[in-house]
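To start, the structure itself, in structure tokens.
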Amino acid sequence: MNQSAYKISSEREIENLIARYTHLLDKGDLAEVGALFAHGRIGSLGAYTDGADIESMLRSNLQIYSNGTPQTAHVTTNTTIHINDEESSATAKSYLVIYQQDSERSFPLQVIMTGTYDDIFVRIDGKWQFKERSLSMGFAGDLSHHANPNGPSAKILKNNG
């Protein structure tokens with residue numbers, strides 16, 4: 001059945017948007033991650049990046065491997081969603097767990113970080129869009145194979161560490 005033949009709920013559409021972000025990020029499609037924020041921005045470590053600059057921000061902060069990916073698996077879970085009465089805006093909160101493995105440099109599969117995503121969504125032309133995504137780090141493991149050691153986030157983490 002063609003998906004356009006039926007209507008999915010707003011909650012499910014938002015869950016799909018949250019999942020699409022992690023799928024694109026893990027496969028290294030940073031341009032498409034940026035496109036998800038055409039009407040929004042991402043915040044982490046106290047700084048926000050607008051939609052047009054998200055791809056560049058991600059490239060400067062992450063290590064991308066020869067296969068074009070960050071060699072991660074981002075898992076979002078325990079998502080709670082609240083949609084306003086007019087169904088024009090929504091908020092969501094999700095737990096985040098990031099797994100990583102780098103077999104080329106003998107880095108075994110492990111959890112490298114946990115945290116939470118706080119999201120704000122808006123409905124534009126009947127479609128849910130990210131307005132704002134904020135990442136709050138919970139626990140940090142070995143990020144040496146994930147964060148670009150010369151990137152802005154690594155420098156902030158080092159100074160706050």
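The values are calculated or read from the model by the stated rules, or taken from the named source; none is laboratory data. Just so we're clear, the structure is a prediction, and the values are computed from it rather than from any experiment. For neighbour counting, all protein chains shown are included, and Cβ atoms are generated from backbone atoms with ideal geometry for every residue, glycine included. The accessibility values were calculated without ligands, DNA or RNA, using every heavy atom of the protein model including side chains. Shrake-Rupley method; radii C 1.70, N 1.55, O 1.52, S 1.80 Å.
Which residues, counting only those in the stretch 109-137, are open to solvent by 60 Å² or more (accessible area, probe 1.4 Å), within 18 Å of the chain's Cα centre (by Cα) and acidic (Asp, Glu)?
Of the stretch 109-137, the ones open to solvent by 60 Å² or more (accessible area, probe 1.4 Å) are 109, 111, 120, 123, 125, 127, 131, 137.
Okay, now just the ones that are also within 18 Å of the chain's Cα centre (by Cα), so 111, 120, 131, 137.
Those that are open to solvent by 60 Å² or more (accessible area, probe 1.4 Å), within 18 Å of the chain's Cα centre (by Cα) and acidic (Asp, Glu): none in the stretch 109-137.
Please verify whether THR69 is at pLDDT 95 or above, under 19 Å from GLU11 (Cα atoms) and not basic (Lys, Arg), treating the condition exactly as stated. When the stated conditions are applied, THR69 does not pass them.
The single condition from (1) farther than 18 Å from ALA147 by Cβ; (2) touching a residue at least 40 places away in the same chain (Cβ under 8 Å); (3) open to solvent by 40 Å² or more (accessible area, probe 1.4 Å) that GLN71 fails is (1). Candidates are the residues of the stretch 84-95 that are surrounded by fewer than 16 Cβ atoms within 10 Å (Cβ to Cβ) and either at pLDDT 95 or above or closer than 17 Å to GLN129 by Cβ (or both); the one that is farthest from the chain's Cα centre (by Cα) is GLU86.
Considering only residues in the stretch 138-161 that are surrounded by 15 or more Cβ atoms within 10 Å (Cβ to Cβ) and modelled with pLDDT of 85 or more, the one that is nearest to HIS82 (Cα to Cα) turns out to be ALA140. Applying the criterion of being part of a helix (DSSP H, G or I) and under 13 Å from ALA73 (Cβ atoms) to the residues of the stretch 25-38, the residue that is least open to solvent (accessible area, probe 1.4 Å) is LEU25.
ARG105 passes every criterion in (1) surrounded by 15 or more Cβ atoms within 10 Å (Cβ to Cβ); (2) modelled with pLDDT under 95 apart from (1). What about ILE42, is it closer than 15 Å to GLN129 by Cβ, within 10 Å of the chain's Cα centre (by Cα), surrounded by 15 or more Cβ atoms within 10 Å (Cβ to Cβ) and aliphatic (A, V, I, L, M)? Against the criterion (closer than 15 Å to GLN129 by Cβ, within 10 Å of the chain's Cα centre (by Cα), surrounded by 15 or more Cβ atoms within 10 Å (Cβ to Cβ) and aliphatic (A, V, I, L, M)), ILE42 qualifies. Of ILE64, ILE81, ILE98, ILE54, all but one fail to be more than 18 Å from ARG133 (Cα to Cα) and either modelled with pLDDT of 90 or more or open to solvent by 30 Å² or more (accessible area, probe 1.4 Å) (or both); the exception is ILE64.
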